[in-house]
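What follows is a single structure, written as structure tokens, with notes after it.
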Amino acid sequence: MTNKIELLKSTLPFNTLPVEVLESVADALNEVVFKKDTLAYRQEVTEMSGVDILVEGEYETFFFDAAENKRSVEIHHSPYCFGGISVLLNRTKALKSVIAKKGTKIFTLPRKDFMDLCNGYDDFFQFYTTDFGKRMLDEEFAHFFKKPASFEESYIASEQFYSRKIEGIAYKDIVYCDLDTPIFEAARLMAENKVSCLFVKDKRGEIVGYVTDMTLRDNVVAKCLDAQNKISDIMDNPIVSIAYTSYLYEAVLMMFRTKTKYLLIEQEGKYVGFLSRNRLLSEHAQSPLVFIQSVKSALTIQELTEKWKRVPHIVTQLLGRGVHAEIVNQVITTIADSIAVKVIDKVIGEMGEPPAKFVFMVTGSEGRKEQTLKTDQDNAIIYEDKANEQRELVREYFLEFAKQVSDQLNDIGFVYCKGGYMASNPQWTHSLSHWQRNYKEWIEESVPENAIKFSTFFDCRFLYGDKTIITQLKNFLDTELQKPMGRFFAHIGKNALQYEPPLTFFNSIRTQMIGKSEVFNIKNAMTPIVDLVRVYALQNRVFEENTGERIKILTQMDVFTQQQSHELMQSYYYLMSLRLKSQANQIIIEKTAPDNYIPIERLTKIERVTLKEIFKTIQNFQLGIKMRFTGNVLG
């Protein structure tokens, strides 16, 4: 055992792992000795059962060319690990051929254990992606590397979409005209430049709108409008932009959220080009993001129900490709948002236009864009204040509206909230002034129950309606949080300590028996991270809803160090990945309703050790909360 651990400590990238993890890795190693020169692996043929750690002897790695000549030959001796890139990036097929010399001794780490390390330790995983990137700069290596046959099987293809930035792709130049340009002249400009979108500038040179082929069809041809009219009469808006440093998947999700088909690309305060949704989606036709578009075209509750039932398969597909859990959360949330918006539109169509401006907001995990497959409804309605004689009419409409939306969401699969935190509960459908009084009362009358309510509704996010209403609410809250409120933060801090990581005094995972299974509640294990990050967000008036985004902003503000930020992000999304995989498995394989319980026997030794490390990290952060907000290390 000691010799194995010492070997691992000297072998890249195992030397980046904690000693406790290396002990578990050592337990999982299987010894193999080659008694004669052996072709151990044949490129693109041999299935990798794991990765090999060279103990003694020699591995000769190379590519066979068409004439069976050896190309790109490399000789390796201990310490060396072979197979990581093959398992991660080549559909587990050997990327290069390998001849093991006579007398060579290796330890093999099973593929499942290797993947657990990649999922649990970012530095370990990044070693292989970085190494692969460097190797692809070599022309001979790149020549022999065969990309997977289809997008469905391709880790690389998914990486291009989920890790590639806008600045790295070719985007279209902006073609524009003035506000006073005649419609026919604008159409001529579009034809000459072969673009489907023409932007419109005002006299100051700022882009204030755009027209598309569809705009011309619907607003000019269909209405027999005079083509001599000004383009400003028919242009669309608002303008939506995204930073050129953003990722491709972020661009697509923003398009879905804002219902725009064109995004301006912003670089250093200037627009440098634009992207079209159709182009992005057509280039990634098998992407789960295309599925979101199909949700938007669904017409009935039954269709939306069927769409939601397919989401576990999408989650499995994404996680199987190695897509980060943070991105998977965003995809789930965007699908859920799209379904909810379809339901709201449907109900408004049946009931008639609302008698007042309003916002339908989501709270809880959906408000944080951290939705999983076990989901219930967490939402509320804020409507504008109306004159006394209209108040009852307005309230009557929105209570009925909330009931119908809630009932239809429940039918689709978003079950009623057991705690009643739904817009259909009259307590959570009110005017803006009433909501402001709610928040003020929760802050000033600091009792444990109010701390829970405040935490729930601090994680509120706009979904539908007039966004200015929720902006007004958050501006009000921003002002309130600047007042002295030591007692309030003491209660919020204690609320963040309500759940503790399931770790015993002897550093084993605390479990409970459900039926015949020994399990632990992974939601309760994750909650301390959500809660403690929210406390720091409140103290620093950070109104970003998502836990990961809050961590990034708080790190920029020097509230968290880079090391703390890395530990929190890695811990939270490792747990999220484990949670989503378990829930998808329950739905698809076990045909049961998803829950938050993970059977301990299904975890590998490496997963167990990783969880213990994560729980220690959470304990350390909770200790900081105790000291800072409650003034008592004992809580």
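The simple spin-label model puts a point 7 Å past each Cα toward its Cβ; for Glu389 and Lys296 those points are separated by 4.2 nm. For the chain, the residue among Asn30, Trp442, Leu497 whose Cα projects farthest onto the positive side of the dipole built from Cβ charges is Asn30. Rounded to the nearest 0.05, the FRET efficiency derived from the C-beta distance between Val208 and Asp411 at R0 = 60 Å is 0.90. For the pair the stretch 563-578 / the stretch 468-537, the C-alpha centres are spaced 15 Å from each other.
Loop-located trypsin sites (Lys or Arg not before Pro) in the stretch 179-242 (DSSP state not H, G, I, E or B) with no more than 16 neighbouring Cβ atoms inside 10 Å: Lys194, Lys203, Arg204, Lys223. By the count of other C-beta atoms within 10 Å, a proxy for reagent exposure, Met576, Met422, Met214, Met190 are ordered fewest to most as Met214, Met190, Met576, Met422. The residues Ile588, Ile99, when put in order of fewest to most other Cβ atoms within 10 Å, stand as Ile588, Ile99.
Take the residue pairs Lys134/Lys165; Lys70/Lys101; Lys309/Lys357; Lys309/Lys346; Lys172/Lys261; Lys523/Lys605 and return only those whose Cα atoms are more than 25 Å apart.
Cα-Cα > 25 Å for Lys309/Lys357; rest within.
Extending 7 Å from Cα along the Cβ direction at Arg71 and again at Thr604 yields two label points whose distance is 3.3 nm. Projecting the Cα positions of Phe124, Ile529, Ala222 onto the charge dipole of the chain (unit charges on Cβ atoms of Lys, Arg, Asp and Glu, taken about the Cα centre) puts Phe124 furthest along the positive direction.
For the stretch 516-630, with only Lys/Arg (+1) and Asp/Glu (-1) charged at the beta-carbon, what is the dipole magnitude about the Cα centre, in debye rounded to 20? Working shown, then result.
Details: 16 positive and 12 negative charges, 40 e Å.
Its charge dipole is roughly 200 debye.
If you take the beta carbon distance between Arg510 and Met136 as r and set R0 to 45 Å, what does 1/(1 + (r/R0)^6) give as a FRET efficiency, to the nearest 0.05?
Values: r = 45 Å, r/R0 = 1.00.
The computed FRET efficiency comes out at 0.50.
With both labels modelled 7 Å from their Cα along Cα-to-Cβ, the Ile588 to Lys474 distance reads 3.4 nm.
Computed from backbone phi, the HN-Hα couplings of the stretch 50-66 come to x, 10, 10, 10, 6, 9, 7, x, 8, 10, 9, 10, 6, 9, 7, 8, 4 Hz, rounded to whole numbers (Karplus: 6.51 cos²θ - 1.76 cosθ + 1.60, θ = phi - 60°; Gly and Pro given as x). If I take every Cα pair under 8 Å that is 6 or more residues apart in the chain, average their sequence separation and divide by the length, what percent do I get for the relative contact order? Computed over the chain, the figure is 10 percent.
By other beta-carbon atoms within 10 Å, ranking Val328, Val33, Val530 with the fewest at the front produces Val33, Val530, Val328.
For the chain, the dipole from Cβ point charges (+1 on Lys and Arg, -1 on Asp and Glu) about the Cα centre works out to 720 debye, to the nearest 20. For the stretch 158-266, GluC sites (Glu not before Pro) meeting the loop criterion (DSSP other than H, G, I, E, B) and having at most 14 other Cβ atoms within 10 Å: Glu206. Look at (i) 1.01; (ii) 0.96; (iii) 1.08: the one that is Rg/Rh (Cα atoms, Kirkwood Rh) derived from this structure is (i).
Rule-based calculations on the coordinates, nothing more; no lab input. Every value quoted in this text rests on a predicted model; they were computed, and no experiment measured them. In this analysis, Cβ positions are derived from the backbone assuming ideal geometry, glycine residues included, and neighbour counts consider all displayed protein chains.
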